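What follows is a single structure, written as structure tokens, with notes after it.
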Amino acid sequence: MTQPTASTSLAVQRGIEDHLLKTVGVANAAATPTDLMQAVSLVAREQLSQRWVRTQAAQRSDKARRVYYLSMEFLIGRTLSNALAALDLTGPAAEGMEAHAKKLEDVAEREPDAALGNGGLGRLAACFLDSMATLGLPSFGYGIRYEYGMFAQDIASGCQLEYPDPWLADGTPWEFPRAGITYPVRFGGWVEHANGKAVWVPAAEVAAKAYDMVIPGHGTDKVSTLRLWKAVAPAHIDLHAFNTGDYARAATVKNEFENISWVLYPNDSTPAGRELRLRQEYFFVAASMQDMFDRHLEEHGTLDNLAYKVAIHLNDTHPAIAVAELMRVLCDEHGMDWAKAWPICQKTFSYTNHTLMPEALETWPVGLMQQVLPRHLEIILRINQEFLDFAARHKPGDTEFLRRLSLIDESGERRVRMAHLSIVGSHMVNGVSALHSELLVQTIFADFAFLWPDRFTNMTNGVTPRRWLSQANPGLASLLDRTLGTAWRRDLDQLKGLHEHKSDTKFVDEFMAIKRANKQRLANYIEREAEVKVNPASLFDVQVKRIHEYKRQLLNVLHAVTRYQAILANPDADWVPRTIIFAGKAASSYVMAKNIIRLIHDVGLSVNNDDRVGDKLKVVFVPNYGVSVAEIIMPGADLSEQISTAGTEASGTGNMKLALNGALTIGTDDGANIEIRQNVGDENIFIFGLKTPEVQTLRQTGYQPMRLYEGNAQLKAVLDAIAGGQFSPDEPGRYRGLVDSLLWGGDHYLLLADYESYVATQARVDELYRQPAAWAACAVANVAGMGAFSSDRTIREYAKQIWNIDPQ
């Protein structure tokens, strides 16, 4: 990081004043924080634009091999602070704000989060683009320009309420509309065959308009591009209907097409919702493929070398229809022979799997695919037939083997298996942690691994230290700069140097002072947003992630109630004060997850208002979790809850962000927790519960949760309190069904099996927290051990092992 010169600071200040007057349209003295945010963003935008133009020109001149990263989500958060850091303009911008008697951080908070994603999948994609730019990889991310995101979450009487997230209502200075880049995307209709050729006759067409966001690299002038597609109706309104007073019908056609890019993950509990999701996936894939083809043909003039100049990566199965689309374009539109096109397709694609749960693997009804994408269904069926013919030669007569492999699930309603299509159409498939990748080839994809053992590999996830340490935790970043130098931002392995300072009293004292300041900031945020006053000296116990049964927020609640009951039974004991912090969204149609949110609220309502407890325990739910909220929570956490059932979490990245900021992990030996343990040391992490082989054995031998309930008085008291209405006196039976799912519904994610170990391990957490020096040493060791979890490392591995591109 370079120090700003006087000329740079003056230029930035003049730029801010210039944009206030000429672009924002406000007098310098009358500028509001929002006006200033727009003006300083436009100053940064100018430099990003110049970098983008230079980067694109160099890549065209070099005829570079490019990575195209297809993802349904890119959870990029706010852009201003990251852009200023990448441009070395944070200091000058801060000085420019001081001239207006404002702090840069207060001005930056006026920017809304870009509502382009929801969870770990989208945040991973954003971290990856940051690293691609920083490593100088020629790259594009492709996705959808959602106008309203997934939803903005509010909590009313404990219930999740969902509202549109209109992040574009006032525009954004960070996008570049590409007026000349529009592609048609077609749906429906039928297929005609004549003279050995297939002709798709679509029934409907929508235009895809391109909007770019520039993703800057750090320590380099190189940038990456996030190209997002907006759906636009071919004719805006039915003017005749409008002029005759039928205003609703006038807008029907416009809305029917443009709703494709309104909302991320529309509710798929209805046929219309499922069809819209499929249309969304094909919409952004088809537009992106046309864009790639145009660029490739302009530079190379032939498609014969496509696989040598283009690497297309599928981030999960949402863009899997791209396999069929590439074959359609090559064969139907460019007349390439199938036998020539198919090897090109396989060499071009690679695929990341993000789940081990069969029920989470995306499938589409054959009937819906026939209705929406009839030509693609034909192509998928041909791919499937040729693949099954190939597989049959390896195990002749084994129909069960072929049934498991087939791209079409024939059990019940016939469905297209998109993960299978992704595997067959790719040259490499990766998991996202060592355990996950191992389990993939042992379980859900074992038959594919039998056919292609070399096709499967591991790429453990990572996070960008620029966002999750330098930007989110400036106090700790400054301490690291003074202790290690500034190069750790691009070489996170340098954090190992902190091991030499674990016994340095001055360093450790400053490290913990920074943690206390971050906890105070988080406490202030909780009081403002959740209306609960918490003690920043208490242990901040954090579980922030998508609300899902396998992530076991409910197990955390069981411990909270256990602790509550123990405090009431022995209020004068030497309790370690604890604040249990939850945040995350439940999918709009996920009733059980919403019920868990309500239980968290109800437990918190009882605990937080019980005078017998006081500051010994607080339970809070922070609403509307997103990137900017995470940037406040992560630095303030003491304990990181990563408690999924062993063998269910593919990797996790929240675990990495929290440990990077000095939180100790309590977790199962699952996902990337295992690799975190290996890097930080067994003595600096709290591992509990069944391991994956033990989970498998327990399920095979017959799991009986009722026996655990009857045999553990503490557990029984907790479940009886919840089921009996102690936390919902206005509706005593509110949580009976939730408890019944554990006792009588099989407890699918084995909460009761891990309960005793979890509670005992939480007691170990208390014991260590009572020893501030020992806790601080563990916290420093966690930061020191996180070098392996930089997304720069992950992208280098993708580039070398999967995409065949040399990073800088």
*Would you be able to tell me the number of residues in region 7-23 that are open to solvent by 30 Å² or more (accessible area, probe 1.4 Å) and closer than 19 Å to residue 101 by Cα?*
7
*Does region 407-430 hold any residues that are of a type in the set (Ser, Thr, Tyr) and open to solvent by less than 10 Å² (accessible area, probe 1.4 Å), and which are they?*
422, 426
*Quick one: in region 500-544, which of the residues that are surrounded by 16 or more Cβ atoms within 10 Å (Cβ to Cβ) and of a type in the set (S, T, N, Q) is nearest to the chain's Cα centre (by Cα)?*
543
_Search result, residues across region 195-246 that are under 25 Å from residue 146 (Cα atoms) and modelled with pLDDT under 85_ = 234, 235, 236, 237, 238
_Members of region 98-121 that are touching a Pro at 6+ places or on another chain (Cβ under 9 Å), touching a residue at least 60 places away in the same chain (Cβ under 8 Å) and not in a loop (DSSP other than H, G, I, E, B)_ = 106, 107
*Check 108, 198 and return the single one that is more than 30 Å from residue 808 (Cβ to Cβ) and not charged (D, E, K, R).*
198
*Which residue, of 146, 183, is farther than 20 Å from residue 122 by Cα and in contact with a helix residue (DSSP H, G or I) (Cβ under 7 Å, 6 or more places away or on another chain)?*
183
*List the number of the failed condition for residue 152; all other conditions in (1) over 26 Å from residue 46 (Cβ atoms); (2) of a type in the set (Gly, Ala, Ser); (3) surrounded by fewer than 16 Cβ atoms within 10 Å (Cβ to Cβ) hold.*
(3)
*Checking residue 767 against (1) over 23 Å from residue 642 (Cα atoms); (2) free of Cβ contacts under 8 Å to residues at least 24 places away in the same chain; (3) of a type in the set (Asp, Glu), which test does it fail?*
(1)
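Condition check ((1) open to solvent by less than 10 Å² (accessible area, probe 1.4 Å); (2) under 30 Å from residue 120 (Cα atoms)) across all residues:
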site: 670; (1), (2): yes, yes
site: 673; (1), (2): yes, yes
site: 683; (1), (2): no, yes
site: 706; (1), (2): no, no
site: 711; (1), (2): no, no
site: 717; (1), (2): no, no
site: 720; (1), (2): no, no
site: 747; (1), (2): yes, yes
site: 750; (1), (2): yes, yes
_Residue that is touching an Asp or Glu at 6+ places or on another chain (Cβ under 6 Å), over 30 Å from residue 150 (Cβ atoms) and of a type outside the set (Phe, Trp, Tyr), where the choices are 51, 78, 65_ = 51
*Those residues that are of a type in the set (Val, Ile, Thr) and not in a loop (DSSP other than H, G, I, E, B), I need them from region 191-234; list them, please.*
191, 199, 201, 206, 214, 215, 223, 225, 232
_In region 778-805, residue most open to solvent (accessible area, probe 1.4 Å) [restricted to those that are closer than 17 Å to residue 218 by Cα and among the charged types (D, E, K, R)]_ = 796
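Looking at region 652-668, which of its residues are open to solvent by 10 Å² or more (accessible area, probe 1.4 Å) and either over 21 Å from residue 123 (Cβ atoms) or among the β-branched types (Val, Ile, Thr) (or both)?
Once the filter is applied, which keeps residues that are open to solvent by 10 Å² or more (accessible area, probe 1.4 Å) and either over 21 Å from residue 123 (Cβ atoms) or among the β-branched types (Val, Ile, Thr) (or both), region 652-668 yields only 653.
Only one of 44, 29, 39 is touching a residue at least 40 places away in the same chain (Cβ under 8 Å) and assigned to a helix (DSSP H, G or I); which? First the steps, then the outcome.
Working: 29 fails: touching a residue at least 40 places away in the same chain (Cβ under 8 Å); 39 fails: touching a residue at least 40 places away in the same chain (Cβ under 8 Å).
That would be 44, the only listed residue that is touching a residue at least 40 places away in the same chain (Cβ under 8 Å) and assigned to a helix (DSSP H, G or I).
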*What residue, among those in region 172-186 that are over 25 Å from the mean Cα position of the chain (by Cα) and of a type in the set (D, E, K, R), is farthest from residue 47 (Cα to Cα)?*
186
*In region 558-586, what residues are over 19 Å from residue 770 (Cα atoms), within 33 Å of the chain's Cα centre (by Cα) and surrounded by fewer than 20 Cβ atoms within 10 Å (Cβ to Cβ)?*
562
*Residue that is farthest from residue 323 (Cα to Cα) [pool: residues in region 248-287 that are open to solvent by less than 10 Å² (accessible area, probe 1.4 Å) and among the aliphatic types (A, V, I, L, M)]*: 250
*helices (runs of 4 or more DSSP H) wholly inside region 265-341 that include at least 3 residues being closer than 20 Å to residue 380 by Cβ*: 271-300, 322-328
*Residues of region 86-96 being among the aliphatic types (A, V, I, L, M) and crowded, with 22+ Cβ neighbours inside 10 Å, which ones?*
86, 89, 93
*Determine whether region 704-711 contains at least one residue that is among the hydroxyl-bearing types (Ser, Thr, Tyr) and more than 19 Å from residue 648 (Cα to Cα).*
yes
*Residue among 726, 808 that alone is touching a residue at least 24 places away in the same chain (Cβ under 8 Å), open to solvent by 10 Å² or more (accessible area, probe 1.4 Å) and within 27 Å of the chain's Cα centre (by Cα)*: 808
*Only one of these is open to solvent by 50 Å² or more (accessible area, probe 1.4 Å), under 30 Å from residue 285 (Cβ atoms), among the hydroxyl-bearing types (Ser, Thr, Tyr) and modelled with pLDDT of 95 or more: 61, 49, 71. Name it.*
61
*Is it the case that residue 124 is in a helix (DSSP H, G or I), over 15 Å from residue 227 (Cα atoms), at pLDDT 95 or above and under 21 Å from the mean Cα position of the chain (by Cα)?*
yes
*Return the residue satisfying two criteria in turn: it lies in region 375-420 and is under 33 Å from the mean Cα position of the chain (by Cα) and part of a loop (DSSP other than H, G, I, E, B), and of such residues it is modelled with the lowest pLDDT.*
412
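The values are calculated or read from the model by the stated rules, or taken from the named source; none is laboratory data. Values in this document were obtained by computation on a predicted structure and should not be read as measured data. Cβ coordinates were reconstructed from backbone atoms using ideal geometry, including for glycine residues, and neighbour counts include every protein chain displayed. Accessible surface is based on the protein model in full, side chains and every heavy atom, while ligands, DNA and RNA are left aside. Shrake-Rupley method; radii C 1.70, N 1.55, O 1.52, S 1.80 Å.
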